1. Can you give me the ranges of the strands (runs of 3 or more DSSP E) entirely in the range B:172-261 with at least 1 residues that are within 23 Å of B:L378 (Cβ to Cβ) and away from every other protein chain (no Cβ under 14 Å)?
2. Of A:E441, A:E382, which residue is over 23 Å from A:V226 (Cβ atoms) and in contact with a helix residue (DSSP H, G or I) (Cβ under 8 Å, 6 or more places away or on another chain)?
3. Filter the range A:87-103 down to the residues that are under 16 Å from A:A30 (Cβ atoms), in contact with a helix residue (DSSP H, G or I) (Cβ under 8 Å, 6 or more places away or on another chain) and surrounded by 20 or more Cβ atoms within 10 Å (Cβ to Cβ) and list them by number.
4. Considering only residues that are in contact with an Asp or Glu (Cβ under 7 Å, 6 or more places away or on another chain), more than 30 Å from A:A47 (Cα to Cα) and within 14 Å of chain A (Cβ to nearest Cβ), which ones fall in the range B:107-142?
5. So, in the range B:466-478, exactly how many residues are surrounded by 21 or more Cβ atoms within 10 Å (Cβ to Cβ) and away from chain A (no Cβ under 14 Å)?
6. Tell me, please, whether a residue that is within 14 Å of another protein chain (Cβ to nearest Cβ), within 18 Å of the chain's Cα centre (by Cα) and of a type in the set (G, A, S) can be found in the range B:449-465.
7. So which of A:G265, A:G348, A:G316, A:G300 ends up being away from chain B (no Cβ under 14 Å) and at pLDDT 95 or above?
8. Just need a number here: residues in the range B:110-141 that are crowded, with 16+ Cβ neighbours inside 10 Å and among the hydroxyl-bearing types (S, T, Y).
Amino acid sequence: MSGRRGDDLGAGLAPADEVVERALERAGGAGAVVLVEDSSDAEVRFANNTTTTNGTRRDRRVTVISLAPVAGGTAVGVARRGGDVDLAEVVAAAEADAASSPPADDGWPLVTPGDRAAAGRAGQDPDFADPPVLTGLGVLHDVVAGLAGAFARAEAADRVLAGFAEHHLSTLYLGTSAGLRLRHVQPTGALHLVGRSTDGARSAWAGTGAPDFAGVAVEDLERRVVRGLDWARRRVDLDAGRYEVVIPPEAVADLMVGVVEAASGKESEEGRTVFSGPDGSTRLGAELSRLPFELRSDPGEAGLECTPFLATPVSGPDDSVFDNGLALARTDWIEAGRLHRLRYHRAGAAAAGAPAAPPIDNLVLDLPGAQGSVEDLVARTERGLLLTCLWYIREVDPQTLLLTGLTRDGVYLVEGGEITGAVNNFRWNESPVDLLGRATEAGASVRALGREFGEWYNRTAMPPLRVPDFNMSSVSPAS
Amino acid sequence: MPEADEPVDRELAERVEGAALEAATALGCARAEVRIERIRSQSLRLRDGRLEAAADDVELGVGVRVLFEGSLGFAATVAVSVDSAAALATGAVEAARVAAVASGRRVELADEASHGRVVWSSPFVTDPVEVALADKVARFESWSRRLLASPVVDHVTAGALAVSEEKRYADTAGTSAVQHRVRMHPVLEVMALARDGEGFETMRTLAPPVGRGWEYLDGDGWDWEGELDQLPDLLAAKAGAPSVTAGTYDLVVDPTNLWLTIHESIGHATELDRAMGYEAAYAGTSFATPDKLDRLRYGSPVMHVTGDRTTPHGLATVAVDDEGVEARSFDLVRDGILVGYQLDRSIAEVAGLGRSNGCAYADSPLHVPIQRMANVSLAPADGDGPTTEDLVGGVDDGIYVMGDKSWSIDMQRYNFQFTGQRFYKISGGRLAGQLRDVAYQATTTDFWGAMEAVGGRRTYLLGGAFNCGKGQPGQVAPVSHGCPSVLVRGVRILNTREESGR
């Protein structure tokens, strides 16, 4: 079985670069942006030691963003279509909406090749006319073979395995009436493995990002899961309360997603976030932690590479369709423990007197110079809890960024630097901003897939953290 | 061009369906299904009365699922053509073959008779995606300005998502269906900054998302004018309200809040795929395991819960599901005892339950159908029954909860925590002003076991959500939940400011 295949499922679709050119030719008005995303997926899902729902997919999304001069500024119309698109229809739909809409508050001149040159980037990618890169089930061949063995071992050991392997390849084409022609190929993949004892009383999880599934072995995750299930053979019941915890990188990832999502310039100015100051100000520059943490996004981050230009089909409070094609560069949201950047589109940044800082599709928390793994932090713990995953995380109070959620798939008791058993699950209530402030130790950052938000934030690298007083609000009987 | 209410040109659709099913049969598939869908949606969002973003979206595609040598395989594409139809059958068989490498169980589907040709539309007057964007913007601009005119209101966010879903289904058993349904979710939220510069409060409309057309905004099913009139005063009262004292209280829960508690603690817990471990890696499992069927005391004797895919204006309402099963209504909890589950065909077969009750759904032509939630609803008391005021009257020291906000529940559906839009102190059987910073936390069976009374039909409301998540890859389903007001004794109340350590 080959790792790649032809585009049988895309039979009849016009080449993406031609779609961009033809749509731009049709578009009049004050300018236009065209995005074509050609993507393919291969997925294998499993539970109860058997494969369940499996398949492949070929997608194409065409977005036409039309700009129209209207009284007071420039209005925007957005039309998105799937498949073999009737370009006359989609362009007309976008233009009609633009012509009948009020002027956009985020109106700004489209990004030019000159703007990109000033950022050291090309305005026209030489591979713009290349076809999309596609994936297929072949990329999961070794995973499925590995699962067959893992299922057999599980059956023999009174264990049930569940999980998911997915591979997504997206080729994005972006063209604008200002002359940009950009293309980016983004692979995204993940493997999740959950093991439970047959009675459901013990549960353990392991997961990893897998952009190309090279070097990803089911057996490695299986070893981690089996280790967790073995730790849980001794069960200790604990009450709710505040505990010293070692939070592994995967759980830290899910917490830091909350921090970066709250870092909206507009919403902070409106007084709606944990980063709001009084009277329309923000807390930019405020000290959030005594440890000099860095929280950053960088399209060039080694191993976590992501789209190096902004591509958005609709505007939001701090990303703008006018900014499509804007070169993205390393952005430090938190620097040396201080709030350093909030997200702004160019129009918002100009109004705020801040640098433009669009969203970027990866996230790294780093304590410069920190060394050591989860195991090292555990070895230095006299008495505490080692967490595995956080789950069902929801915002309770945006003013403090108070989040609630559950522990899942393994809370382990640490005594004298060693794991001595597994503890019941808890509901917790905590603010991740406060956790950064209260953390007393961090290890080295490693690539880590968040259990909950890894579905949307696949590219994250995080350290393990020690927090001396994590708020476990109540016991959850769930396992 | 497609006929009205059909995803693509009918002749093309029939040729694609025929080609896919023929190819699958020729490849040796025991069964095949093909879905062609066009999902049109329009979203708009305004900030302080100014349009922030709007988008007009059409998703189009075709998906084929096959049962091949005891494994399921699925393939889908946005290219709806006779050529791709044959490739889809081949791709789905390839997926089944890959799955078979690590298959521990031969998949079979519970029997379902052919329903022949089914044509169905949800009840609506005006397809909401047919309304011009300018008209939509004008409506929300006008409503936003009206709210901003209040001295209490510092900011207003507003917006709506309107969806029109056209779905064709055909299978090798002879069922073919053309179904069209629409739904609307309009939301407005007002915000007041604290006058001392510290913090803020918000208040959101309680109008639920519904399976209705644009007429919903004109008052068909909800009193928008009345709700918007009250919103600034309700916000002002909340901003000036005292912070709750944490403790144990009796709760009267309004249907605008209770629908979500039903969704999380009953709806998901009675999905049999979850209860049998098929969602263990993601959404989770359930405490309500099959060995407890007909035995588990889920709640008090006044608790009767049904699942249905038939309620008018329900967001999960259809005529046949995405496996060709006819929609129906069925009991989940009767007299407080667990008596049923939500099923799709493969789970019904594994569990030996004979037939599916029609809960298969795919949120996109590019996704495989999985078991998704029916409209899961709590029955009101017989006859006129108690009013909400009657229920409040039975509480000496308690809290009345309205509107949903934050929600979270564990992976076995035991421990939940919810907040809301408005909390009123109940003192001596009367409402005594709003409270702030309230969350309620409980274990599912404790909460429903402490439900002393359910309100009558006049308190009943069909709530719901557009965004129920499940499955890998993630799928998002709309679902409704009807319920009356209820009285629950002795629930743990948290103060969310104290929880944050402040």
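The values are calculated or read from the model by the stated rules, or taken from the named source; none is laboratory data. Everything numeric in this text was worked out from a predicted model, so none of it was measured. Ideal geometry is used to build each Cβ from the backbone, glycine not excepted, and the neighbour counts take in all protein chains shown.
1. Details: elements: B:176-193, B:200-204, B:247-253.
By residue number, B:176-193, B:247-253.
2. Of the residues listed, the single one that is over 23 Å from A:V226 (Cβ atoms) and in contact with a helix residue (DSSP H, G or I) (Cβ under 8 Å, 6 or more places away or on another chain) is A:E441.
3. Selection gives A:V91, A:D97, A:S101.
4. B:L133
5. Residues that pass the stated criteria total 1.
6. yes
7. Working: A:G265 fails: away from chain B (no Cβ under 14 Å); A:G348 fails: away from chain B (no Cβ under 14 Å); A:G316 fails: away from chain B (no Cβ under 14 Å).
Of the residues listed, the single one that is away from chain B (no Cβ under 14 Å) and at pLDDT 95 or above is A:G300.
8. Final tally of qualifying residues: 2.
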